[in-house]
Amino acid sequence: MNLTVDNVGWRIRGRPLLQDVSFEVQSGETLGLIGPNGSGKTTLLRLLAGLEKTKQGTVYLGNRDISRLPRREVARTVAFVEQQASTEERINVYQAVSLGRTPFLSPLRPWALEDEQIVACALHDVGMSQLANRAWHTLSGGERQRAHIARALAQQPEILLLDEPTNHLDIRHQLSLLQLVDHLPVTVIVALHDLNQAMMCDRIGVMEEGRLVDIGTPRTVLTAARLRQTFGVHVDILPAPGEANPVMRFRQAL
Amino acid sequence: MMAVKPQQASPLRSRWFWLSPLLLLGSLVAGAAIGETTIPIDTVLKVVANRFVDAHYPIDPIDAGIVWNYRLSRSVVAGCCGAGLALAGVVLQALLRNPLADPYLMGISAGASTGAVLVAIAGWGGGVLSLSSGAMAGAAAAFGLVTLLAGAAGRGVGRSGSAAGAGGIILAGIAGSSLFNALTAFVIARSASAEQARGIMFWLMGNLSGVRWEDAYFAVPAVLVALLTCLWHRQALDAFTFGTDSAASMGIAVRPVRAVLIGTVALVTAVMVSMVGAIGFVGLVVPHAMRLLVGSRHWRLVPASAVAGAIFLIGADVVSRIIVKGQVLPIGVVTSLIGAPVFAVILIRGATSR
């Protein structure tokens, strides 16, 4: 399903957090969002997830205005993995992932065998089938993040929104998580901090002070001039032998 | 590694599903049998049989009066209060994601006290209003004020408004409780005699002595409505596990669901407090204890807490009647005296079994 963002803006107490953001994401595409802290990535993702109503412009799911769709219907199409979502409850991984079936359940449509299979499948997709019975509070940060993604996958979304999913993970978990995301058969919009990791996206959008200042393929977007202007760093972009994408070496802050 | 357990095995297979109604009935019968004069259980059953199916067992009319008019009605209301307060605790702890949330958080008991004191001591309503209706009005006023305050506090927060809304209710509840407790103290200090003050203190600690069947006609439907509302929203309650944003992103209409659930439990709490005063610890302890026993999924937790709260309060009422000869203790004293150590044991055992 296509996602269209049309001239979207959002402000809090008169201070604009997003202004005039427009872009379109094709079905199956992986779009990376990069930008310095406070540039509006999280706010944009929250608008796309329908968690906040746009105060200007419109977000379209397919050709329907997301703000006019019932929450339940949005949740059947769009899944959102927040930056930090923790719980004190004593639940296990299976129970946490099965929460993803919520948009399909109702008091009159209880848990069924079908849901069980979908949850098992989601656990398998993130490689956590073995950990299904582990208590949530015994999981490592990486395992929790994978479980959250499994929970999102259990929603069987067509569009998956991830807000800095590799934060606080060690390098091995970062890479395996990104591989996982890359292989998912859904449209993914992911906010990322690591610019080298952003290279693996199909396209990259650059956020700066609430505006989308550039969007395109990694090679066209991630230029030395762009990184100097948006991130305030001097960078060398070096060809990596045997790799499709170049690598970035950060030299110093401006 | 155990096999993956299905999340919702059929409740019919659980032995608690069958046992808990029996336990509840048993505690009702015990509540009717035990007291200053012990009445044999078969007499209790005969009284009930005479009432319900015209069995015409020959029973001493004094015994029959004690069982039916005094003890059984009292036990039924105690059970309803326990169930209602426990349900309120379950809902508030789930929605506000705060383990310390309890039914009195929203200023309800403080408001009820103020209302009761205004009627009983300051003489508002000119003798037409009963203590209960005064308490009910006070509870409603306090809840309204706290909700308004929480709403106003939540509006200024913006992005994390929904998350801060939960914290806002807790803070607003504390502010509201302080205000109404101060009003209560003010009224007592201004106009109560020492005797009146003692009486009102007794009522504030929880008092089931004046309870009759007319109260049960209110209490039973109130609890049933609350129970059904909670069960209907069980999946929504589960969805709040990772917070309001997470619930919203899984399709829960957070604001309406929260309004319905909090409104329902506030109403139930107000009904209970207006009848029997503020009974502490039930709404806090019972849900936590049940989480350890049956887990935190609400399709189990909701009924388990309701039944356990009912049994706990019926038992506490029996204890309050017999522990000091010739005197009835406020039930709130008993619930706290039992509840606090039990809670401590649960916490410690729960911590070590992790």
Of the residues in segment B:306-354, those that are in a loop (DSSP other than H, G, I, E, B) and of a type outside the set (V, I, T) number 6
Right, B:V220: in contact with a helix residue (DSSP H, G or I) (Cβ under 8 Å, 6 or more places away or on another chain), β-branched (V, I, T), within 27 Å of B:F312 (Cα to Cα) and surrounded by 21 or more Cβ atoms within 10 Å (Cβ to Cβ) or not? no
Residue count, segment B:242-259, condition in contact with a helix residue (DSSP H, G or I) (Cβ under 6 Å, 6 or more places away or on another chain) and facing chain A (nearest Cβ under 7 Å), comes to 5
I need the strands (runs of 3 or more DSSP E) fully contained in segment A:142-254, keeping only those with at least 1 residues that are over 30 Å from B:F240 (Cβ atoms) and of a type in the set (D, E, K, R). A:203-208, A:211-216, A:233-238, A:247-253
Go over the candidates B:G251, B:G263, B:G280 one by one and state the one that is of a type in the set (G, A, S) and under 21 Å from B:L337 (Cβ atoms). B:G280
Taking the criterion of being surrounded by fewer than 20 Cβ atoms within 10 Å (Cβ to Cβ), farther than 15 Å from A:E158 by Cβ and in contact (Cβ under 8 Å) with a residue 40 or more places away in the chain, would at least one residue in segment A:61-83 satisfy it? yes
Confirm whether A:H193 is modelled with pLDDT of 85 or more and surrounded by fewer than 17 Cβ atoms within 10 Å (Cβ to Cβ). yes
Considering A:T217, A:T187, which residue is farther than 25 Å from A:R11 by Cβ and crowded, with 16+ Cβ neighbours inside 10 Å? A:T187
Within segment A:68-105, the residues that are in contact with an Asp or Glu (Cβ under 8 Å, 6 or more places away or on another chain) and hydroxyl-bearing (S, T, Y) are A:T77, A:S98, A:T102
Just need a number here: residues in segment A:58-84 that are in contact with a Gly (Cβ under 6 Å, 6 or more places away or on another chain) and either in a strand (DSSP E or B) or within 11 Å of chain B (Cβ to nearest Cβ) (or both). 4
How many of the residues in segment B:20-39 are crowded, with 16+ Cβ neighbours inside 10 Å and either out of contact with any helix residue (DSSP H, G or I) (no Cβ under 7 Å at 6 or more places or on another chain) or not in a helix (DSSP H, G or I) (or both)? 3
Does A:L47 satisfy the condition of being without any contact (Cβ under 8 Å) to a residue 60 or more places away in the chain and surrounded by 19 or more Cβ atoms within 10 Å (Cβ to Cβ)? yes
Filtered residue count, segment A:100-123, keeping only those that are surrounded by 14 or more Cβ atoms within 10 Å (Cβ to Cβ) and of a type outside the set (A, V, I, L, M, F, W, C): 6
Return the only residue of A:R109, A:R72, A:R68 being more than 28 Å from A:L192 (Cα to Cα), in the same structural domain as A:L48 (by TED's automatic domain parsing) and not aliphatic (A, V, I, L, M). A:R68
Looking only at segment A:114-140, which residues are among the hydroxyl-bearing types (S, T, Y) and assigned to a loop (DSSP other than H, G, I, E, B)? A:S140
Kindly evaluate A:Q95 against the criterion of being polar (S, T, N, Q) and outside the structural domain of A:V186 (by TED's automatic domain parsing). yes
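Yes/no matrix, rows are residues, columns are (1) within 12 Å of chain A (Cβ to nearest Cβ); (2) within 28 Å of B:F202 (Cβ to Cβ); (3) over 13 Å from the mean Cα position of the chain (by Cα); (4) not hydroxyl-bearing (S, T, Y):
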site: B:A304; (1), (2), (3), (4): no, no, yes, yes
site: B:A310; (1), (2), (3), (4): no, yes, no, yes
site: B:L313; (1), (2), (3), (4): no, yes, no, yes
site: B:V328; (1), (2), (3), (4): no, yes, yes, yes
Here the residues within segment A:1-33 that are in contact with a helix residue (DSSP H, G or I) (Cβ under 8 Å, 6 or more places away or on another chain) and touching a residue at least 12 places away in the same chain (Cβ under 8 Å) are A:M1, A:L3, A:V5, A:V8, A:W10, A:L17, A:L18, A:V21, A:T30, A:G32, A:L33
Note: among A:A154, A:A135, just one is facing another protein chain (nearest Cβ under 10 Å), surrounded by fewer than 17 Cβ atoms within 10 Å (Cβ to Cβ) and among the aliphatic types (A, V, I, L, M), namely A:A135
When you scan segment B:209-305 for helices (runs of 4 or more DSSP H) that lie fully inside it, which ones turn up with 1 or more residues that are hydroxyl-bearing (S, T, Y)? B:213-232, B:244-249, B:254-276
Can you tell me which residues in segment A:36-82 are among the polar types (S, T, N, Q) and farther than 21 Å from A:V206 by Cβ? A:T58, A:N63, A:S67, A:T77
Starting from residues that are in a strand (DSSP E or B) and surrounded by 15 or more Cβ atoms within 10 Å (Cβ to Cβ), keep the ones in segment A:13-30 and report whichever is nearest to the other protein chains (Cβ to nearest Cβ). A:L17
Within segment A:177-190, residues polar (S, T, N, Q) and in contact (Cβ under 8 Å) with a residue 24 or more places away in the chain come out as A:T187
If a residue has to be of a type in the set (S, T, Y) and either touching a Pro at 6+ places or on another chain (Cβ under 6 Å) or touching a residue at least 60 places away in the same chain (Cβ under 8 Å) (or both) to count, how many in segment B:19-77 make the cut? 4
Answer yes or no: is there a residue in segment A:106-113 that is more than 9 Å from chain B (Cβ to nearest Cβ) and assigned to a helix (DSSP H, G or I). no
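The values are calculated or read from the model by the stated rules, or taken from the named source; none is laboratory data. Note that the structure is a prediction, hence the values are computed from the model and not measured. When we count neighbours, we look across all protein chains shown, and the Cβ atoms used for this are built from the backbone with ideal geometry, even at glycine.
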